[in-house]
Structure formats: C-alpha cells, structure tokens
Amino acid sequence: AFAMIPRVMYRMPEGNVLDVNLYVPSKAEINVGKTPVRIEQVTEYPKTGTVTLSVNPAKSVAMTLNLRIPAWSKQATVEVNGQPVADVRPGTYCTIGRDWAQGDKVTLTLDMRTRMTRLDRMAAFERGPVVFARYSQFADGDVDECITVSPTEGGYVDAGLVDSPQGVWLTLGLPALRGGYA
C-alpha cells in the first residue's frame, strides 16, 4: 500500500483535473496539457487542521483542483488567495475550477474538534483522522479505570493537544473525572 501513495496522493483522472487525496508536506510537478505545474503542500496535519497548497504553473492554465474533504470534517473551509470557496461539504471533493497563475494559494482548514464515539460501555476519542486511547506506559493510572466525560451536542468534547512525552507523536489532553462517581 505504501508504494501506491504517490499514485493516489495527487491523481489526474482526466484532462485538466487534479485530485488531491492526501495531506502531507510534499512537492509534485504535473503537466496540464503541455504546461508544467508545481504543487507544494505545507502542513503539520494532523497536528493542525491547516493545509496550504501553492499552485505554480509555468504560465496561466485552466485546471480543476479537487480537494478531498474527509467525512469527519463537519466544518471544513477552503480559500483561494484569501477568498472563501462555497459549497465545501464533508465526504466529498471541493471542486475549484479556474485559470491558475504563478503564486496562487489554496488554504484548506479541516475541523479538528475532538469527537467522542461510544460503543456499548466503551468510548473512543477522535481528533481529525487520529483515534486516541489511554496508554499504560504513561503510568498515569489504570487504563481500565472508569472516567466520566461530558460531550457536547454532536458528540464533541473539550480536548486538545498537549505536550507529548519523549517518543510519543501526539498526546490529547482530555478533562475527565477519574474513578467511579454516582
């Protein structure tokens, strides 16, 4: 599967259409007709929800850019050169058809609110595409200990990233009551 990432990350399904399926710091050069176009992504996603794409054609070129909007991102926004794009819907592509020029910038902001998902008497916490779990190596209590979390309507919880211990990529800080409470 890893070998296929470059083939699906930036994909040209037809003519002057470019699909962007994966958000990761990267650079690519594609050809729209006979015009070379450099695409660069600058992002810390999924630590943050902001992705900036620079579109730099050798000369002005008509192209449709399709940005994948994940289904979990209920409040995603897209701007082209600071101007909002309408009709950004989760679980679809945001389609931007225009004449692209040197220095055009697209900013995608994904909804990184933490969601709580329940199954039976268990819960998972998701922030963007990442699912968080308690980890016994932190020695911060019994991982089977009960906690009480109060989600808002829609299943969102007041949680955010906190400094991670050495060797840990992302750590979620979650306000919760520990132990059994009546």
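The values are calculated or read from the model by the stated rules, or taken from the named source; none is laboratory data. These numbers were taken from a predicted model, which means no experiment stands behind them. Note that each Cβ is placed from the backbone with ideal geometry, even for glycine, and that neighbours are counted across all protein chains shown. These accessible areas exclude ligands, DNA and RNA; they are computed on the full protein's heavy atoms, side chains included. Shrake-Rupley method; radii C 1.70, N 1.55, O 1.52, S 1.80 Å.
Spin-label point model (7 Å from Cα, Cβ direction): what's the residue 95 to residue 7 distance in nm?
2.6
I'd like the accessible area for residue 12, computed on protein heavy atoms only with a 1.4 Å probe and all protein chains in place. Round to 10 Å², please.
Roll a 1.4 Å probe over it and residue 12 shows about 70 Å².
Based solely on its DSSP helices, what 222 nm [θ] is calculated for the chain when runs of n ≥ 4 H residues each add -39,500 (n - 2.57) and the sum is averaged over all residues, nearest 500 deg cm²/dmol?
-500 deg cm²/dmol
What is the distance, in nm, between label points placed 7 Å from the Cα along the Cα-to-Cβ direction at residue 105 and at residue 149?
Distance between the two pseudo-spin positions: 3.4 nm.
Sorted by accessible area (1.4 Å probe), largest first, how do 156, 23 line up? Write down the numbers at each step before the final one.
On the way: 156 30, 23 10 Å².
Listed by decreasing accessible area, they come as 156, 23.
Distance in nm between label sites at residue 158 and residue 171, each 7 Å beyond Cα in the beta-carbon direction?
2.1
In the chain, if the dipole is taken from +1 on Lys/Arg beta carbons and -1 on Asp/Glu beta carbons about the Cα centre, which of 53, 157, 76 is farthest to the positive end?
After comparing all options, I get 53.
Restricting everything to alpha-carbon atoms, can you work out Rg to Rh for region 1-142 with a Kirkwood hydrodynamic radius?
1.06
At a 1.4 Å probe, what is the % contribution of carbon and sulfur to the accessible area of the chain?
52
Can you give the % of DSSP beta bridges in the chain that are antiparallel, to the nearest 5?
Beta bridges within the chain, antiparallel portion: roughly 95 percent.
So what is the accessible area of the chain per residue, in Å², with the probe set to 1.4 Å?
61
Work out, step by step, the length gained on full extension between residue 74 and residue 28: first 0.36 nm times the residue separation, then minus their alpha carbon distance; give nm to one decimal.
Full extension from residue 74 to residue 28 adds 13.7 nm.
What do you get for trypsin sites (Lys or Arg not before Pro) in region 1-99 restricted to DSSP loop and a cutoff of at most 12 other Cβ within 10 Å of the site's Cβ? It would help to have the intermediate numbers written out before the result.
Working: sites: 7, 11, 27, 34, 38, 47, 59, 68, 74, 98; in loops: 34, 47, 59, 74.
Those satisfying the criteria are 34, 59.
Work out, step by step, the length gained on full extension between residue 62 and residue 17: first 0.36 nm times the residue separation, then minus their alpha carbon distance; give nm to one decimal.
15.3 nm
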